[in-house]
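See below for the structure under consideration.
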Amino acid sequence: MRTETPPTVRLDDYRPSDHLIDRVELDIRLDPHDTRVTARLALRPNPAGRPGAPLILDGDDLRLVAVALDGQPLAPAAFRVAPSALTIPAPPQEPFTLTIETCLDPTANTRLMGLYRSNGVYCTQCEADGFRRITYFLDRPDVMSVYTTRIEAQGRETPVLLGNGNPVEAGPVEGSDRHYAVWHDPHPKPAYLFALVGGRLDRVAKSFTTMEGRAVELAVYVEPGKAARADYALAAVERSMLWDEQVFGRAYDLDVFNVVAVSDFNMGAMENKGLNIFNDKYVLASPETATDADYAAIEAIIAHEYFHNWSGNRVTCRDWFQLCLKEGLTVFRDQEFSSDMRSRDVHRIGEVRTLRARQFPEDAGPLAHPVRPTQYAEINNFYTATVYEKGAEIVRMLRTLIGEADFRAGMDRYFSDNDGTAATVEDFLRAFEAVTGRDLSRFAAWYERPGTPRVAVSGTYDAIAKTYRLAFRQTRPGAGADAPPLVIPIRLGLVGAEGPMQGPASARVSRGVFVLEAAEDSLTFENVEAEPVPSLFRGFSAPVRVDIALDDAARLTLLRCDEDGFNRWEAAQRVALRIMTAAIRGEAEGGPGAEALAAALGRFLDAEALRDPAFAALVLSLPSEGDLADEIGAEIDPDAIFRARLDLRRSLGAHLGERLHALRAAVEEPAGTPFSPDATSAGRRALRNAALDLIAAADPEAGTRLARAQIAAATNMTDRLAGLATLALLPGEIREAELAAFAERYADEPLVLDKWFAIQAAIPEAGTVERVRRLQSHPAFAMTNPNRVRSLLGSFGLANPTQFNRVDGAGYALVAETVLTLDRTNPQVAARLMTAFGSWRRLEGGRRDAAEAALRRIRATAGLSRDVADIVGRSLDG
Ligand code: B3K
Ligand code: ZN
């Protein structure tokens, strides 16, 4: 049996709600199995809606207890009710109050949408459409209301009661063991930003005074006993608030700002107004349990959710098609924040690595969609790398086009024009048009066109005229020759053998940026004394693929001499990619290329590894298997990719051996240095561990010895885990012993065991499918916990290309089975796992057939959720 194709929602069908809800008063009596929710909704017909329209309130799996209109119970004939809707065919034509009582079982809520319990803590997740699992409502972001929430619960089990907005009152419920708290949020908001928390939680707090003079109490709540691990997140909240004031002029607007960490959460975190709820993975940090990457992610996600207070909450989205309006913009804002807190070049390289690893393949596969999609069957499947990461790149391009000052003025204009409203991408662009007087309608095409554009560039030097001409041609996969071209900002410059060339100029370049607006265009630099090497798309100024015939020597000149950090890194990556793809295609043995690359890397390390270890670590890290797959693009053989990458790692490790050992010693912290997660210290650890990776590839014995010693001496999780990750690639008893010791040491640390699951699931060996199956019955593994599932199965599907893509299909079968099991309890996480199949069409024939067969088996399963049915349908048909 084939699951029905889910119904489709279309952007073109948008019309305003027929009714509005001005005020919401909630009375929520928490109970593990019988929670009662009474919602008093102040409704009125929307002047922009259809007069006399029926009132249809959304529901999802709801049980109605009672419903009254203006205080009078509704006669049975006056309404219809189902778990998915409450309909009043002929509602009053003037303002009225609807009182709805529903009853919920938070303990049985395994979807983790709506109100649920995680480790005994009541919490909520309403975006995108979870509020309708709490009460019947107009659950759409353009219906904005002022909320007052009374929460009541048993006092001993649930001492902490949190809601949106400001605390109003709290106290015992006379004559019972229960207590209550009332919260009021003065800022009108859509239902997806509603939240509550109830539980036994520890708290760390500090006060902050905003630039407007408002005293705010900042607090982070965590499981009892873990308060010390919340300090870093609390400090990150404070840094975020200060930064948003300084860089965007945005101040916080309530008296309290609360962050709560819960252990079962479908994604990273949620920006509920005044009450951000987090996956505890992105809050809890200690040197013993968190890696440098964890610290950086915590800082970034804390900032991201906080920044939503303006980009998402004060100005929200009119409909879910506008998701990038808040997500792309907020990712851009958190990227800028992290760049200011850390190293800008290093951070930018990380952003581009993520974009290429996740968004480029998505945009090249069956799940490709525009940054602003035009239709969806399940909106929760559109929280994608395209909406987030490519969405952020569009905002970045806009800033590159108009310059920083106009960008800031446009952002101010956007916030002031749209404050308190539900806006669209058009509203966003209009603000920038207003402050610059520019027409951005052609730029807007970035939101509409899927697919990663290609820009082919050729450079011609005229030694007599002393000119250098760059010719550009843009194309987009799947777009016809007559498709309108995109507006592509290209930050560029010329580089000579000694460094950037200062003299040459072109009238087409302003502030270092050339704007490619036509399908083909060119520009000419004058006064070019010697043949230059072009440095194009500096800072990765547009999310495109660039084709340019530069030989290795020219690229290595960029590595040595470019002033642009991103392009220096990119140059080394391109050379490594060329060597590996040549080997995969059997075009060359890669020998002389690898030697030249090693020599250049050696010079680079000698000159500057110690000046910027974090950057050096990135230069030493080869393009990933995914990068190679993306570069090859068709008939992909993951085993060949793995071999080519291993060969180059070996070769570099062999050539650079002594230097790598010396570097490791040079950046090692003296014994007794207290751990600090700051970017400089983290950079030294990254370099030490990047060196270890190459050493181990070339000399497994030395790698094993060093990795073991590093684990034994580790004072922090970064070094311990890097040691273990090195051993993971070196089969044998030592590896198994260290894995066992790690599991024992962290038996009571679920977030650390996640790392242990993930490392094993990524082992590129034939036994891994069996190992993952065994680990699925490990006592610490639980299908009910999304972090466990992602660390074991997500890591297997997304970080283990050779084993997931086993020729015999065993890898696909493992993920498919898990998806089907999980789909019965948590469809959202199941659908996420499915994205491992996102590039199946680009595989070589045998694997392609096996992947397709697995997808077809999933599609043929009866009773699929809408979430999984949507992904599998688009994967097969797209
Ligand atoms: N806005 C949430 C994501 C909600 C996902 C719903 N399936 C977190 C964020 O992007 O900040
Ligand atoms: Zn977000």
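Quick rundown of the values:
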{"read-out": "Whole-Hz couplings from phi, Karplus 6.51/-1.76/1.60, listed for segment 657-667; x for Gly and Pro", "value": "x, 4, 4, 5, 4, 5, 4, 4, 5, 5, 9"}
{"read-out": "Segment 208-363 - share of DSSP beta bridges that are antiparallel (%, nearest 5)", "value": "25"}
{"read-out": "Rounded FRET efficiency, nearest 0.05, which uses the C-beta distance separating Glu517 from Val168 and R0 of 45 Å", "value": "0.25"}
{"read-out": "In Å², nearest 10: area of Glu448 left accessible to a 1.4 Å probe", "value": "70"}
{"read-out": "Probe 1.4 Å, protein heavy atoms only - accessible area per residue of segment 750-878 in square angstrom", "value": "34"}
{"read-out": "Amide H contacts of Val146 (H built 1.01 Å from N, under 5 Å, at least 5 apart or other chain)", "value": "Arg23, Val24, Lys189"}
{"read-out": "Rounded percent of accessible protein surface that carbon and sulfur make up, segment 663-797, 1.4 Å probe", "value": "57"}
{"read-out": "Accessible heavy-atom area order of Ser777, Ser624, Ser240, highest first, probe of 1.4 Å", "value": "Ser777, Ser624, Ser240"}
{"read-out": "Mean separation of Cα contacts under 8 Å, 6 or more apart, over the residue count of segment 528-601: relative contact order %", "value": "26"}
{"read-out": "Among 138-145, 43-50, 626-633, 729-736, the order from most to least packed when residues are scored by Cβ within 10 Å on average", "value": "138-145, 626-633, 43-50, 729-736"}
{"read-out": "Accessible area (Å², 1.4 Å probe, nearest 10) - Lys326", "value": "0"}
{"read-out": "Residues whose placed amide H lies under 5 Å from that of Leu516, excluding near-sequence neighbours", "value": "Ile488, Ile490"}
{"read-out": "Approximate shape of the chain as ellipsoid semi-axes (Cα gyration tensor, √5λ), whole Å, largest first", "value": "46, 33, 27"}
{"read-out": "Distance (nanometres) between label positions extended 7 Å along Cα→Cβ at Thr87 and Ala483", "value": "4.1"}
{"read-out": "Pairwise label distance in nanometres, Ser207 with Gln375, each label 7 Å out on the Cα-Cβ vector", "value": "5.6"}
{"read-out": "Given charges at Cβ of Lys, Arg, Asp, Glu: segment 555-680 dipole, positive-most of Gly626, Ala640, Phe604", "value": "Phe604"}
{"read-out": "Relative contact order of segment 750-878, defined on C-alpha pairs under 8 angstrom at six or more residues apart (%)", "value": "21"}
{"read-out": "Near-label residues of segment 475-508 by backbone N, under 12 Å of a point 7 Å along Cα→Cβ of Ala456", "value": "475-476"}
{"read-out": "Rounded to whole Å, sorted largest first: equivalent-ellipsoid semi-axes of segment 454-542, Cα gyration tensor", "value": "25, 13, 11"}
{"read-out": "Protein accessible area in segment 301-416, 1.4 Å probe - carbon and sulfur %", "value": "46"}
{"read-out": "Heavy-atom accessible area ranking, 1.4 Å probe, most first, across Thr209, Thr124, Thr467", "value": "Thr209, Thr467, Thr124"}
{"read-out": "Integer Hz, Karplus 6.51/-1.76/1.60 couplings in order for segment 154-161, x for Gly and Pro", "value": "4, x, 6, 6, 10, x, 9, 10"}
{"read-out": "Candidate lysines - alpha carbon under 17 Å from Lys326, same-chain residues fewer than 8 apart omitted", "value": "Lys189, Lys273, Lys390"}
{"read-out": "Other-chain or far-sequence residues with amide H under 5 Å of His369's (modelled H)", "value": "Gly451"}
{"read-out": "Solvent-accessible area of Trp756 with every protein chain in place, 1.4 Å probe, in Å² to the nearest 10", "value": "20"}
{"read-out": "Separation in nanometres of the label points that stand 7 Å from Cα toward Cβ, at Arg585 and Ala709", "value": "4.3"}
{"read-out": "Cα long-axis angle, helix 344-354 against the chain (0 to 90 degrees, to the nearest 10)", "value": "80"}
{"read-out": "J(HN,Hα) series, segment 596-607, from Karplus relation 6.51 cos²θ - 1.76 cosθ + 1.60, nearest Hz, glycine and proline x", "value": "5, 5, 4, 5, 5, 5, x, 4, 4, 5, 4, 6"}
{"read-out": "Within the chain, helix-based [θ] at 222 nm, where runs of 4 or more DSSP H residues each add -39,500 (n - 2.57), nearest 500", "value": "-12500 deg cm²/dmol"}
{"read-out": "C-alpha long axis of helix 391-402 to longest principal axis of the chain, angle in °", "value": "70"}
{"read-out": "Rel. contact order, % - alpha carbon contacts under 8 angstrom, at least six apart, the chain", "value": "9"}
{"read-out": "Listed residue (Thr386, Val815, Pro167) projecting farthest to the positive dipole end of the chain, Cβ model", "value": "Val815"}
{"read-out": "Alpha-carbon centroids, segment 52-87 and segment 320-336: separation in whole Å", "value": "35"}
{"read-out": "On Cα atoms only, tilt of 810-823 relative to the major axis of the chain in degrees", "value": "20"}
{"read-out": "Burial ranking of peptide ranges 679-689, 548-558 (average Cβ count within 10 Å, highest at the top)", "value": "679-689, 548-558"}
{"read-out": "Efficiency of FRET from Cβ geometry, Asp439 and Val807, R₀ 60 Å, rounded to 0.05", "value": "0.65"}
{"read-out": "Scaled radius of gyration (Cα, divided by 2.2 N^0.38 Å) that segment 315-448 gives", "value": "1.04"}
{"read-out": "Centroid-to-centroid separation of segment 652-711 and segment 96-159 [C-alpha atoms, Å]", "value": "49"}
{"read-out": "Euclidean distance between Cα centres, segment 363-412 to segment 561-614, Å", "value": "31"}
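The values are calculated or read from the model by the stated rules, or taken from the named source; none is laboratory data. Note that the structure is predicted; figures quoted are calculated from it, not measured. With ideal geometry, Cβ positions are generated from the backbone for all residues, glycine too; neighbour counts draw on all protein chains shown. Remember, those area values only see protein heavy atoms, side chains included, never the ligands or the DNA or RNA. Shrake-Rupley method; radii C 1.70, N 1.55, O 1.52, S 1.80 Å.
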